[in-house]
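In what follows, a single structure is set out as structure tokens and then discussed.
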Amino acid sequence: SSGINAEWPFRRGPFIKGETPKRDVMNYCKRQANLLRKEKSPDDGKILLWELLALLCKQNGVVIGTDAAELLLADLDTTTRYCKTNIAGYDSEGQLVEISEEQKTEAVDQIRECLFEGQRKEALEVSVKYHLWSLALMISTTLSSEIMTDTMQRFSNSLHVDEPLKSFSQLVSNTEPSSCSSTSRWREHLAMILSNQSDRYDPNCNYVLSLANTLASEGMVHASHFTSLMAGSKLTSVLDKTSPIALLGLDHTKDIQ
């Protein structure tokens, strides 16, 4: 962009390990990110890559999931980031299934009667039908592990497709988040996945790579590269067309002029 080119003569370069002050490199990366923010249509992926480079420099190459999540959420409007109410209770078409308070009250009475009679499975089904998820999840813990897992999956399915909690619920159910096949609100979903990785070997990296591939398929190269780096991908030769990343910001799978 013209902004980047205008800044280029003022950089201190080349950047040489052990000679160039770390502060200079960090400030340069920050300036590039700020210049991009001023563009008419800022590219989130480009900004995030520069911010990530600055953070890697600051922390000596070590960035954990919550660090990346902070970058991903930093520029988002918290008032419109995601659904504030009615996060659950959606059908497969993404339409909210309205259930009145009167219906819920009647459902609770029915659940109570079922439990008086020891009919926990019937109570569970009523809870699920009327989206009384706290009761449903509590009752499912008294049944088999398979039923508990199935109930968690049904709860996940009822969450709005753009709700980051849907990604979290799918993670804890050992299911690849459906958000990994969509670019909608990808930053929030990626932040949720990165912030909730387990200490042992975690399939989350595969999920993150899946999202990176989705972003790449939609031409969002910079966003894809940021995501690939968060999955632990290494930069490879531009001749390796199977690699997710070779040069930052460049789609090396296409012919390079």
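What figure, in Å² to the nearest 10, do you get for the accessible area of MET26 with a 1.4 Å probe and non-protein molecules left out?
The accessible area of MET26 comes to roughly 50 Å².
Please list, in order along segment 125-141, the HN-Hα scalar couplings obtained from phi with the Karplus expression 6.51 cos²θ - 1.76 cosθ + 1.60 (θ = phi - 60°), rounded to whole Hz, x for Gly and Pro.
5, 5, 4, 5, 4, 9, 6, 8, 6, 5, 5, 4, 5, 5, 5, 5, 5
Please tell me which of these pairs span more than 24 angstrom C-alpha to C-alpha: LYS17/LYS254; LYS17/LYS234; LYS17/LYS40; LYS22/LYS241? Mind showing how you got there, number by number?
On the way: LYS17/LYS254 31 Å; LYS17/LYS234 19 Å; LYS17/LYS40 35 Å; LYS22/LYS241 33 Å.
Violating the 24 Å limit, Cα to Cα: LYS17/LYS254; LYS17/LYS40; LYS22/LYS241.
Efficiency by 1/(1 + (r/R0)^6): what FRET value for ARG23 and ASN174, r their Cβ-Cβ distance, R0 = 35 Å, to the nearest 0.05?
The computed FRET efficiency comes out at 0.20.
Can you tell me the FRET efficiency between CYS205 and MET148 if r is taken as the Cβ-Cβ distance and R0 is 25 Å, rounded to the nearest 0.05?
Given R0 = 25 Å and the Cβ-Cβ separation, E is 0.45.
Per residue of segment 242-249, what does 6.51 cos²θ - 1.76 cosθ + 1.60 with θ = phi - 60° give for ³J(HN,Hα)? Whole Hz please, x for Gly and Pro, Karplus curve as stated.
8, 6, x, 7, 10, 10, 4, x
Measuring from label point to label point, each 7 Å out along Cα→Cβ, what is the ALA74 to ARG120 span in nm?
Rounded to a tenth, the inter-label distance reads 4.9 nm.
If you take the beta carbon distance between SER134 and SER181 as r and set R0 to 41 Å, what does 1/(1 + (r/R0)^6) give as a FRET efficiency, to the nearest 0.05? Walk me through the numbers on the way to the answer.
On the way: r = 29 Å, r/R0 = 0.71.
According to the calculation, E is roughly 0.90.
The values are calculated or read from the model by the stated rules, or taken from the named source; none is laboratory data. This structure is a prediction, so every number in the text was calculated from the model and none was measured. A quick note on method: Cβ atoms are made from the backbone with ideal geometry, for glycine too, and the neighbour counts reach across all protein chains shown. Heavy atoms of the whole protein, side chains included, go into the accessibility calculation; ligands, DNA and RNA do not. Shrake-Rupley method; radii C 1.70, N 1.55, O 1.52, S 1.80 Å.
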